[in-house]
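S.K.: I have a structure here, written as structure tokens, and I will follow up with some questions on it.
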Amino acid sequence: MAGGFVSQTPGVRNYNYKLTPKVFVTCFIGAFGGLIFGYDLGISGGVTQMEPFLEEFFPDVHRKMKSAHQNEYCRFDSQLLTLFTSSLYLAALVSSLFASTITRVFGRKWSMFLGGFTFFVGSAFNGFAQNIAMLLIGRILLGFGVGFANQSVPVYLSEMAPPNLRGAFNNGFQVAIIFGIVVATIINYFTAQLKGNIGWRISLGLACVPAMMIMIGALILPDTPNSLIERGFTDKAKQMLQSIRGTNEVDEEFQDLTDASEESKQVKHPWKNILLPRYRPQLIITCFIPFFQQLTGINVITFYAPVLFQTLGFRSKASLLSAMVTGIIELLCTFVSVFTVDRFGRRVLFLQGGIQMLISQIAIGVMIGVKFGTVGTGNIGKTDANLIVALICIYVAGFAWSWGPLGWLVPSEISPLEIRSAAQAINVAVNMFFTFLVAQLFLTMLCHMKFGLFFFFAVFVFIMTIFIYLMLPETKNVPIEEMNRVWKAHWFWGRFIPDEAVGVSAAEMQQKSV
Ligand code: BGC
């Protein structure tokens, strides 16, 4: 079993580059790609709490919300309202599949640009919405934007970054997501206080700002050396590699990229090939990581923190404020991952964060269960409500340095070039599908499962932690085009990787790694 747990895979080269200003600036701008996703994640929950918005588009929900003696668990249960939130994720799912072809054939930056552009148009539809159709069309366009950006940005960052800092650079995507969420929550806090329809219009319309940032960013960004080689621009690729690595001594890495590209040229149909047994480890991990990421239950907090806090008896303004606090904590704690992921590795963060989330979820479930019981009526005291908020923060912190950033990092770095774009599209599609499902079902689940909902997610966190322990090899510091060696050295996945893919047999690899 040793192969699964090694942090330094035998035979893997360590290039050990210095950090150059160029790669820093490039990845900084590239990470903007997370802003649109984050802005949307953060804005929806607050907007669907604004009374003028509900009166205008969802009068039934508005009436129900106002009515006294509602069961606390069911106050906000409306399929139509959740469809507003979750329609975006279905659209993102569809567009990520198209994005994979654009990312591969035209380069990573054009997918980013298209993402920013469709998001921009969507924000205009939403900000000026006159009816529910405009609202939904806007959401779908926003979704297309998110699909394109999420498919291309993590791959862009992983390919640009020096191998020994890939985790930190890729985590910039998650930092941007959370930054987007926090900014959106702050905007909601202020716009919610405006009278009439102007508040929600500003909140939704301001999505055009991150959209423009990505469009402009994508126009000035260079493409990755990997993508340039893949598309036949070999000389340009070498110059690019030299300039981002800050040295002319890049022959070894360049050779690896060229070999990877040669191999990838044999593969004409990434979508068909990804189903071959030799890609089974990557395919399975790429499907399970986003599935598990969503089954941590994080988006119950992201979308519905204001709703949840109102359910706990907070006033509307206090609820938005608490949502802001959890967002800021998530942002700060994401930096823990940025600074440790390349030192301690992915596995340590996954395992520690998982245990922390598990414990806090159980505690939240118990507290809410004791206070509201199964009937769902009752009042919660100030101290208890604050304790629940504190537990939610502990849970969010655990996610922030584990499943949040690593949910995007790991799938973007584990696949060989020939299937990387397709694999990343699968990652986004699975992520979006389960984001949709959780968003769509959460309020109904809360209404029916009550506090048991927290135990439901806790069971999944338990399962995913075991899964990581057994099935995920450590990928820190491993050059992206040498990842096959990591799989080959793994106690279980080794059998799927042909010897010629790494030039050595699984038994030898495992022997060396003990
Ligand atoms: C997840 C989102 C989540 C966000 C903030 C991302 O990594 O994919 O679903 O809303 O983190 O918590």
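S.K.: Testing residue 393 on (1) over 18 Å from the mean Cα position of the chain (by Cα); (2) within 16 Å of the ligand (Cβ to nearest atom); (3) free of Cβ contacts under 8 Å to residues at least 60 places away in the same chain, one condition comes back false. Which one is that?
M.R.: Residue 393 satisfies every listed condition except (3).
This table checks each residue for (1) touching a helix residue (DSSP H, G or I) at 6+ places or on another chain (Cβ under 8 Å); (2) of a type in the set (Ser, Thr, Tyr); (3) modelled with pLDDT of 90 or more; (4) surrounded by 15 or more Cβ atoms within 10 Å (Cβ to Cβ).
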{"position": "457", "(1), (2), (3), (4)": "yes, no, yes, yes"}
{"position": "466", "(1), (2), (3), (4)": "no, no, yes, no"}
{"position": "473", "(1), (2), (3), (4)": "yes, no, yes, yes"}
{"position": "503", "(1), (2), (3), (4)": "no, no, no, no"}
{"position": "513", "(1), (2), (3), (4)": "yes, yes, no, yes"}
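S.K.: Here is a follow-up. If I filter region 327-358 down to residues being over 23 Å from residue 164 (Cα atoms) and buried (at least 23 other Cβ atoms within 10 Å of the Cβ), which single residue comes out as farthest from the ligand (Cβ to nearest atom)?
M.R.: 354
S.K.: Let me ask you something else. So, in region 130-174, how many residues would count as being farther than 30 Å from residue 256 by Cα and β-branched (Val, Ile, Thr)? Walk me through it before giving the result.
M.R.: Within region 130-174, the subset farther than 30 Å from residue 256 by Cα is 130-146.
If we keep only those that are β-branched (Val, Ile, Thr) as well, we get 132, 137, 140, 146.
Result for region 130-174: 4.
S.K.: List pairs: first in region 73-84 and within 16 Å of residue 50 (Cβ to Cβ) and at pLDDT below 75, second charged (D, E, K, R) and outside any helix (DSSP H, G or I), Cβ under 6 Å, 6+ apart or cross-chain?
M.R.: Short answer, once both residue conditions are applied: none.
S.K.: In addition: Output the number of the condition that residue 286 fails; it satisfies all remaining conditions of (1) more than 18 Å from residue 177 (Cβ to Cβ); (2) more than 16 Å from the ligand (Cβ to nearest atom); (3) assigned to a helix (DSSP H, G or I).
M.R.: Among (1) more than 18 Å from residue 177 (Cβ to Cβ); (2) more than 16 Å from the ligand (Cβ to nearest atom); (3) assigned to a helix (DSSP H, G or I), the lone unmet condition for residue 286 is (2).
S.K.: Here is a follow-up. Name, by its number, the condition in (1) of a type in the set (A, V, I, L, M); (2) crowded, with 22+ Cβ neighbours inside 10 Å; (3) assigned to a loop (DSSP other than H, G, I, E, B) that does not hold for residue 267.
M.R.: (2)
S.K.: Related question: Taking the residues in region 297-316 that are among the polar types (S, T, N, Q) and more than 10 Å from the ligand (Cβ to nearest atom) as candidates, determine which candidate is farthest from residue 442 (Cα to Cα).
M.R.: First pass over region 297-316, keeping only residues among the polar types (S, T, N, Q): 299, 302, 310-311, 316.
With more than 10 Å from the ligand (Cβ to nearest atom) added as a condition, the list becomes 310-311, 316.
Numbers: 310: 15, 311: 13, 316: 20 Å.
Checking each candidate, the answer is 316.
S.K.: Looking at this structure, is residue 47 touching a Leu at 6+ places or on another chain (Cβ under 8 Å) and within 29 Å of residue 175 (Cα to Cα)?
M.R.: Values: touching a Leu at 6+ places or on another chain (Cβ under 8 Å): yes; within 29 Å of residue 175 (Cα to Cα): yes.
When the stated conditions are applied, residue 47 passes them.
S.K.: Sticking with this one: Of everything in region 366-395, what is at pLDDT 90 or above and open to solvent by less than 70 Å² (accessible area, probe 1.4 Å)? Give them in sequence order.
M.R.: Passing the criteria: 390, 391, 392, 393, 395.
S.K.: Quick check on my filter: what residues within region 396-433 are within 12 Å of the ligand (Cβ to nearest atom), β-branched (Val, Ile, Thr) and open to solvent by 10 Å² or more (accessible area, probe 1.4 Å)?
M.R.: Listed by number, the list holds a single entry, 430.
S.K.: Of everything in region 75-107 that's part of a loop (DSSP other than H, G, I, E, B) and among the charged types (D, E, K, R), which residue is farthest from residue 425 (Cα to Cα)? Break it down stepwise before answering.
M.R.: Residues of region 75-107 that are part of a loop (DSSP other than H, G, I, E, B), as a first pass: 75-78, 106-107.
From what is left, the residues that are among the charged types (D, E, K, R) are 75, 77.
Numbers: 75: 36, 77: 32 Å.
Out of the qualifying residues, it is 75.
S.K.: Name the helices (runs of 4 or more DSSP H) wholly within region 110-217 that hold at least 2 residues that are within 16 Å of the ligand (Cβ to nearest atom) and touching a residue at least 60 places away in the same chain (Cβ under 8 Å)? Steps first, answer last, please.
M.R.: Details: elements: 132-160, 166-191, 198-205.
Qualifying helices (runs of 4 or more DSSP H): 132-160, 166-191.
S.K.: Now, a different point. Of all residues in region 317-326, which are more than 15 Å from the ligand (Cβ to nearest atom), of a type in the set (A, V, I, L, M) and open to solvent by less than 20 Å² (accessible area, probe 1.4 Å)? Talk me through it step by step, then tell me what you get.
M.R.: If we filter region 317-326 for residues that are more than 15 Å from the ligand (Cβ to nearest atom), which is where we start, we get 317-322.
Now drop any that are not of a type in the set (A, V, I, L, M), which leaves 318, 320-321.
320 - this is the single residue of region 317-326 that is more than 15 Å from the ligand (Cβ to nearest atom), of a type in the set (A, V, I, L, M) and open to solvent by less than 20 Å² (accessible area, probe 1.4 Å).
S.K.: Filter region 180-191 down to the residues that are touching a Leu at 6+ places or on another chain (Cβ under 6 Å) and farther than 13 Å from residue 44 by Cβ, then identify the one that is surrounded by the fewest Cβ atoms within 10 Å (Cβ to Cβ).
M.R.: By that ranking, first place goes to 189.
S.K.: Restricting attention to region 89-120, which residues are β-branched (Val, Ile, Thr) and touching a Gly at 6+ places or on another chain (Cβ under 8 Å)?
M.R.: Taking region 89-120 as the starting set, the residues that turn out to be β-branched (Val, Ile, Thr) are 94, 101-103, 105, 118.
Passing the criteria: 94, 118.
The values are calculated or read from the model by the stated rules, or taken from the named source; none is laboratory data. No experiment lies behind these values; they were computed from the predicted model shown. When we count neighbours, we look across all protein chains shown, and the Cβ atoms used for this are built from the backbone with ideal geometry, even at glycine. Note: accessible area is taken over every heavy atom of the protein model, side chains too, but ligands, DNA and RNA are not part of it. Shrake-Rupley method; radii C 1.70, N 1.55, O 1.52, S 1.80 Å.
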